[in-house]
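Written out below as structure tokens is the structure these notes cover.
The values are calculated or read from the model by the stated rules, or taken from the named source; none is laboratory data. Remember, it's a predicted structure, so these values are computed and weren't measured experimentally. Here the Cβ positions follow ideal geometry from the backbone for every residue, glycine too, while neighbour counts run over all protein chains shown. Note: areas computed on protein heavy atoms with side chains; ligands, DNA, RNA excluded. Shrake-Rupley method; radii C 1.70, N 1.55, O 1.52, S 1.80 Å.
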Amino acid sequence: MSDSRKPITPVKPKSMEIIYIYPCPYCDREVPQLAPFQPAMAQCDACGRAFPIVPVEESSVRFMKIMLANGRAAVDPDFL
Ligand SMILES: [Zn+2]
């Protein structure tokens, strides 16, 4: 018998990622992308077409993660 039915304490985030929003050049849909550090192709989930996207600076994402303690700052009221 596992204890999978026991109510468990809500889980806190372990880390965070930053999502960037790219507008689809064909239909204007806002397409979310997990911080792309390399030039890549994004695929629009509305019209299905692919388009090249400009990568983001890895250092700016790293800075945000450090500033927010990799997500802990958002759930820990004593953090700041
Ligand atoms: Zn589209």
Legend entry - Translational diffusion of the chain, µm² s⁻¹ [Kirkwood Rh, Cα pairs; Stokes-Einstein; 25 °C; 0.890 mPa s]: 159
Inset, instruction - Calculate how steeply helix 58-67 sits against the longest principal axis of the alpha-carbon atoms of the chain, using the helix alpha-carbon long axis, and give the answer as 0 to 90 degrees to the nearest 10. - result: 30
Inset, instruction - Go through the chain and name the GluC sites (Glu not before Pro) that are in a DSSP coil and have 14 or fewer other Cβ atoms within 10 Å of their Cβ. - result: 17, 57
Legend entry - Average accessible area per residue (Å²) across the chain - probe 1.4 Å, nucleic acids and ligands excluded: 82
Inset, instruction - Can you send over the carbon and sulfur percentage of the accessible area for the chain, probe radius 1.4 Å, protein chains only? - result: 57
Inset, instruction - For the chain, state which chymotrypsin sites (Phe, Trp or Tyr not before Pro) are in a DSSP loop and have at most 12 other beta carbons lying within 10 Å of their beta carbon. - result: 37, 79
Legend entry - Solvent accessible area, Å² - residue 78, 1.4 Å probe, full protein context: 130
